[in-house]
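Data block below; observations after.
The values are calculated or read from the model by the stated rules, or taken from the named source; none is laboratory data. Because the structure is predicted, anything quoted here is derived from the model rather than measured. A quick note on method: Cβ atoms are made from the backbone with ideal geometry, for glycine too, and the neighbour counts reach across all protein chains shown. All accessible areas refer to the heavy atoms of the entire protein, side chains included, with ligands and DNA or RNA removed. Shrake-Rupley method; radii C 1.70, N 1.55, O 1.52, S 1.80 Å.
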Amino acid sequence: MCKLYWAAQPKDGYLCTMNASYHLIFVAFGHRDYQNELLWALLSLAHVHPKPAFHIHIFSDDTAYLQPQLPLKITYHPLTPEVLTEAKGPNDYPYRVKIKILQQCLQQYTGAFLYLDTDCILLQPLTAIFEAIERGTVFMDTNEGPLHNNKGGIARKMKKVLRKQSTFPLPNGEIVRLSEAFEVWNSGCIGVSNRHLPLLQRAEALMDVLYATYPLFSMEQIAVSEALQHTALAETKNEVHHYWYFKEFRPIINALLAYYPHWEQRLEKAPQWDPRLLSEGKRRYKQLGFWGRTYQKIRYGYRWKNPVFRP
């Protein structure tokens, strides 16, 4: 008998059962920004799925904040401090929580499961993804390519780790070998079925080893990428946009939610604020290169202009 990390609280008598087929999962704990990003994600969901034909699960340490704001049928799973402490594991690693929750969902329910980070918006219906998961396909957000091609600061740190150590022993005795040729996938979206539970358990074991070696916050991404590449892996980017690169969008979300307190108002106004469009200035700046960025900062006195909410 598996140990459960939560007790589900159905809204309006709604509760997922063992014969449920499709499950959409969100996890939001900690700073209020994550709760508000989740509200925004569900606004986008309501536009592409006015009547979702799947079960929505929210795992949160503040369901009392979310529940009155959401008219959708949702199963709420409260995350207590004790639950979070256990899920973060021996290294107190926050990104480990979502993998533990996803594992527990696969043990409690049956069907196809799609986990989304809170900073995601839906672009297209999810039906095709769920159907593909049922056929055995595994999904992640985007293939970011080999580690050696990534010039970002986090990638540089990971490459530095791998230059010192390239083999990582798991508790079961298996040795995982990683190199700079390793393909990294963004783990903001994860789609699996019950048969893939062993892969998530492998990801958990590897991330514990990696994070103990070097406490880099993206070790969860590395571990999940390694584990899920043992099966057919596809991208969710056509159906879901993950705006992980644009934290500057949070003030827009917070301001709009504060200005429009009712769901129908938010549903009408939210599409006017698209992070893909609002982030264009930042993305152009990032593409300028060192001298271009330096010139812009000297010439104009700013890197890029962040959007400002106006009703």
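Based on alpha carbons, the Rg and Dmax found for the chain are 19.9, 64 Å.
Taking label positions 7 Å along the Cα-Cβ direction at both R283 and I175, the computed distance is 4.3 nm, reported to one decimal. Once Rg and the Kirkwood radius are both taken over the C-alpha atoms of segment 39-170, their ratio Rg/Rh works out to 1.01. Hydrodynamic analysis of segment 198-262 uses the Kirkwood radius over alpha carbon pairs. Inserted into Stokes-Einstein at 20 °C and 1.002 mPa s, it gives a translational diffusion coefficient of 146 µm²/s.
Across every pair of non-identical alpha carbons in segment 138-191, the mean reciprocal distance, once inverted, gives a Kirkwood radius of 12.3 Å. Considering helices alone, the calculated mean residue ellipticity of the chain at 222 nm is -12000 deg cm²/dmol, with DSSP H runs of length four and up weighted by -39500 (n - 2.57) and normalised per residue. Here's the list of aspartates and glutamates a cross-link from K305 could span, going by alpha-carbon distance under 16 Å and ignoring same-chain residues fewer than 8 apart: E248, D274, E280. Surface composition of segment 239-293: carbon plus sulfur atoms hold 56% of the accessible area, using a 1.4 angstrom probe and ignoring ligands, DNA and RNA.
Would you please put 27-40, 135-148, 111-124 in order of how densely packed they are, using the mean number of other Cβ atoms within 10 angstrom per residue and starting with the highest?
My ranking of the peptides, most packed first, is 111-124, 27-40, 135-148.
Across segment 198-214, computed HN-Hα scalar couplings (Karplus, 6.51 cos²θ - 1.76 cosθ + 1.60, θ = phi - 60°) run x, 5, 5, 5, 5, 4, 4, 4, 5, 5, 5, 5, 5, 5, 5, 6, 8 Hz from first to last residue, x flagging Gly and Pro. Taking the accessible area of segment 92-194, probe 1.4 Å, and keeping the other protein chains in place, the carbon and sulfur fraction comes to 48%. The GNM of the chain, with springs linking C-alpha atoms under 10 angstrom apart, assigns the highest mean-square fluctuation among K269, K73, K164 to K164.
Each DSSP beta bridge with both residues in the chain is either parallel or antiparallel, and the antiparallel ones are about 50%.
Semi-axes of segment 154-311's equivalent ellipsoid from the Cα gyration tensor, sqrt of 5 times each eigenvalue, largest first, rounded to whole Å?
Semi-axes from the Cα gyration tensor: 36, 24, 13 Å.
Dipole size in debye (nearest 20) for the chain around its Cα centre, Lys and Arg Cβ +1, Asp and Glu Cβ -1? Write out the running numbers ahead of the final one.
On the way: 36 positive and 28 negative charges, 293 e Å.
Dipole size: approximately 1400 debye.
Cross-link partners of K73 among aspartates and glutamates, defined as those whose alpha carbon lies under 15 angstrom from its own and excluding same-chain residues fewer than eight positions apart: D12.
Amide H contacts for E144 (H built 1.01 Å from N in the peptide plane; partners 5 or more residues away or on another chain; cut-off under 5 Å): V184, W185, N186.
Label segment 234-291 by shape, choosing from rounded, prolate and oblate, from the square roots a ≥ b ≥ c of the eigenvalues of the Cα gyration tensor; if a/c is under 1.5 it is rounded, and otherwise prolate applies when a/b is larger than b/c, oblate when it is not. Judged from the Cα gyration tensor, segment 234-291 comes out oblate (a/c at least 1.5, b/c at or above a/b). Only one residue of C189, L199, L216 has its Cα farthest out toward the positive end of the dipole of segment 159-220, where Lys and Arg carry +1 and Asp and Glu -1 on Cβ, and that residue is L216. Close amide H pairs (under 5 Å, H built 1.01 Å from N) link I56 with L24, T75, residues at least 5 positions away or on another chain.
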